[in-house]
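Here, each number is a calculation from the coordinates, and none is a lab measurement. These numbers were taken from a predicted model, which means no experiment stands behind them. Using ideal geometry, Cβ is built from the backbone for each residue, glycine included, and neighbour counts are taken over all protein chains shown.
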């Protein structure tokens, strides 16, 4: 077979594709009927999976389908109830993460495990037996050779705390490779990267594949699945339902495998009559230590509009949302809602003025919901002050909770179940549903679909569009640029706490937004 070319119909750059050949050689990793049960829940049910050297295998599935449990068994965090794990043809009992590392299995988590005051080189060596009997110069040479071999291009003597997200991710990959990992698992690796940084990561993974590494990638972005994978394994409700070659499938088929029925992968962008709603003028926000996080931020948001916010992690998105919601004070500037300045006011003061503001924080359980409480009581948290008398009346909230569960297909459909026992997608449905029940005029959402499967994400997009049609103005902070371009009317880009651009989503490109996110004028 000769190499072909995959045109970037999904917005990703074209790439040279090496068609994956089913290999007759020894697999790098083989799972046979791996099973794990938690009480009555069978999280993984007799799963078979094979990973070959020189292959990128993507693992797909809805939230709660068993992906995380499966990876936790491979990396020694869980022990399977039954089944077997074979590494390079030999059956292994992986009891701890140290066992996994000894076998050459490395996990690159979505949340990095680095010591920020240390340099990249120090982080790579951290925790290893002292110098392995090598001189400091030999250790430096080994790390330099590793970086050159894979074209990693990271400043090894730079402090990690001064690095970008993509550079930190590269350091994590180098840590795994230096420890001898040739089976790598990456969890949502592009969640906080710009398109340009994602392209560099993909190039790095292709070089690793070319050097014989076996790679498992977990992602919900189907465009990335189709750009990078050799094969795709799909899980549904704890079972493996399909393993297909990338060049013999399509996003629509993958979604049908995941959900069990056909799903239309189209995001609506309805036209609405827009009216002035929110105006932010020269808004500045500082941290507790006085360091600036937002610097002279200005933009407007109309009723009947979805305004996207794009930026690399730490560009001020969190402070922007929390300042609008009244959770952090503005050091200067205005937040005008219907012409009234709400900057510096608490959520209670904003509410007492009759302002109907819904807020979906990125921390679903830490800030959004009380994990130990059920859906009914989490609805009461929003409006218990409206009740009179010393005792809470739950009947109305119970009815609203039942309607919410039914309308949003919350699973399991149990309004009295503690929300901490729900999957991420169902948590987000409850949180968004609660805010929508308050009939907001302004809806502020921060990474509302982060970590959600395709089906749950499209449910959220439809709900946001319903609000838009009803005349609600929505601020949508997101990390998937393809979604921002399809869903939003305009997109504000942030870099270092400043607005670097405001673009029309209908005409903008991923590349242009990526450059603006890095602070480059376009």
Please report, in cubic angstrom per residue, the volume enclosed by the convex hull of the alpha-carbon atoms of segment 290-345. 91
How far is helix 454-469 tilted, in degrees, relative to the longest principal axis of the Cα atoms in the chain, given as a value from 0 to 90 rounded to the nearest 10? 20
Can you work out the PRE-style zone for residue 263? Point 7 Å along Cα to Cβ, and I want the residues of segment 412-437 with backbone N under 19 Å. 412-413, 422-433
Helix 424-437: angle to the longest alpha-carbon principal axis of the chain, degrees 0 to 90, nearest 10? 10
Compute the separation of the alpha-carbon centres of segment 27-58 and segment 274-296 and state it in Å as a whole number. 47
Cα long-axis angle, helix 195-210 against the chain (0 to 90 degrees, to the nearest 10): 20
Tell me, what does the Kirkwood hydrodynamic radius of segment 148-307 come to in angstroms if you use every pair of distinct C-alpha atoms? 19.7
Between residue 26 and residue 81, what FRET efficiency follows from the Cβ-Cβ distance if R0 is 22 Å, with the result rounded to 0.05? 0.25
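Computed FRET efficiency, Cβ-Cβ of residue 250 and residue 438, R0 60 Å: what is it to the nearest 0.05?
Working: r = 40 Å, r/R0 = 0.66.
The pair residue 250/residue 438 has a calculated efficiency of 0.90.
Using helices alone, what [θ] at 222 nm do you get for the chain, with -39,500 (n - 2.57) per DSSP H run of 4 or more residues, divided over all residues and rounded to the nearest 500?
One gets -9000 deg cm²/dmol as the mean residue ellipticity at 222 nm.
Hey, with R₀ at 41 Å, roughly what FRET efficiency would residue 363 and residue 145 work out to, going by the Cβ-Cβ distance, to 0.05? Don't skip to the end; give the middle numbers.
Details: r = 41 Å, r/R0 = 1.00.
With R0 = 41 Å, the Cβ-Cβ based efficiency is 0.50.
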Multiplying the sequence separation of residue 313 and residue 287 by 0.36 nm and subtracting their Cα-Cα distance, what value in nm do you get? 7.8 nm
Using a Debye calculation, one point per C-alpha and no hydration shell, please list log10 I(q)/I(0) for segment 333-438 at q = 0.20 Å⁻¹ in order. -1.04
What is the Cα coordinate range of the chain on the first, second and third principal axes, sorted by size from largest, in whole angstrom? 68, 51, 46
Relative to the present Cα-Cα distance, how much length would full extension add between residue 158 and residue 37 at 0.36 nm per residue of separation? 39.1 nm
Using alpha-carbon positions, what is the distance between the centroids of segment 308-339 and segment 191-232, in Å? 33
Please report the antiparallel percentage of the DSSP beta bridges confined to segment 122-262, to the nearest 5. 55
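Would you mind calculating the gained length between residue 399 and residue 511 on full extension (0.36 nm times residue separation, minus the Cα-Cα distance), in nm to one decimal? Show your work: numbers first, answer last.
Numbers: separation 112, 0.36 × 112 = 40.32 nm, distance 4.69 nm.
Between residue 399 and residue 511, full extension yields an extra 35.6 nm.
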May I ask for the distance between the Cα centers of segment 108-184 and segment 438-510, given as a whole number of Å? 35
Need one number: nm distance between label points at residue 298 and residue 134, each 7 Å from Cα along Cα→Cβ, rounded to one decimal. 5.5
Along the Cα→Cβ direction, 7 angstrom out, place labels at residue 239 and residue 462. What is the inter-label distance in nm? 2.5
How many nm is it between the label spots at residue 207 and residue 349, if each spot is 7 Å from the Cα in line with the beta carbon? 5.3
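Give the order of 469, 318 when sorted by the count of other beta carbons within 10 angstrom, beginning with the fewest. Could the numbers behind the result be given before it?
On the way: 469 13, 318 20.
So the ranking, lowest neighbour count to highest, is 469, 318.
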Projected area, mean over directions - segment 30-188, Cα convex hull, nm²: 10.5
